[in-house]
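Below is one structure, written out as structure tokens; comments come after it.
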Amino acid sequence: MDWEPDPYYCNVFSLDMGGFRFKYKIKEQIYGNYPTDTIEFKAYDHYGAPKFRLYDTVLLFVGEWCGKLYHEKYQFFDFYKTRDGRWASPGDPYKFHGYQKEKLVKAQAIEFEPSLRIDISNSHSYSYKRPQKYEEPYYRILGDKAVPLMGTYIEDLIKVKMGGFFKR
């Protein structure tokens with residue numbers, strides 16, 4: 001991850017004055033068509049370096065604008081392997097989409113890998129990965145750790161985004 005100045009975005013002045021360049025290995029292509037297993041893109045964030053960089057595995061939303069690839073600002077899900085080998089994000093699928101009126105996707109009981117414990121000791125601070133609530137029935141709290149009990153599989157997370165942020 002490298003920050004580089006870029007005051008113009010598609011010939012329009014950018015309030016961010018620059019962005020971060022990322023290079024990621026694509027573990028699995030979920031939606032769209034990208035020709036290689038590695039993707040390079042630029043990401044902008046009003047609060048500094050994008051939070052998605054703090055997670056080991058993320059579902060990112062990247063689009064092409066003016067011939068370049070850009071991360072759709074703030075749009076990502078952290079996700080983890082489940083016992084059956086699939087990918088899912090723990091918690092309420094709308095945890096970052098409170099504005100969304102139609103909530104057609106429901107979290108379901110998912111068996112995540114038994115070792116998955118999310119450190120929540122600093123979860124309400126902005127310096128945390130992504131401030132959020134860790135509450136029942138989605139999690140069981142063990143001291144300063146949250147054990148995911150419910151979540152949403154990738155296919156349904158795409159539906160959440162397409163019904164909200166990316167609804168055209």
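How much length would be gained if the chain were fully extended between GLU102 and LYS73, taking 0.36 nm per residue of separation minus their Cα-Cα distance, in nm to one decimal?
8.3 nm
Collect residues whose amide H, placed 1.01 Å from N in the peptide plane, falls under 5 Å from the amide H of LEU149; neighbours closer than 5 in sequence don't count.
GLY91, TYR139, ARG140
Rank the residues TYR55, TYR47, TYR80 as a footprinting-exposure proxy: fewest other Cβ atoms within 10 Å of their Cβ go first.
Result, fewest neighbours first: TYR47, TYR55, TYR80.
Please report THR57, THR38, THR152 as a ranked list, fewest other C-beta atoms within 10 angstrom at the top and most at the bottom.
The fewest-first ordering by Cβ neighbours comes to THR38, THR57, THR152.
Taking the highest mean first, how do the peptides 81-93, 136-148 order by number of other beta carbon atoms within 10 angstrom per residue?
Top of the packing list down: 81-93, 136-148.
Bear in mind these aren't lab numbers, they're just calculated from the coordinates by the rules spelled out. Being a predicted model, the structure only gives us computed values, none of them experimental. All Cβ positions, even for glycine, are placed from backbone atoms using ideal geometry, and neighbour counts span all protein chains on display.
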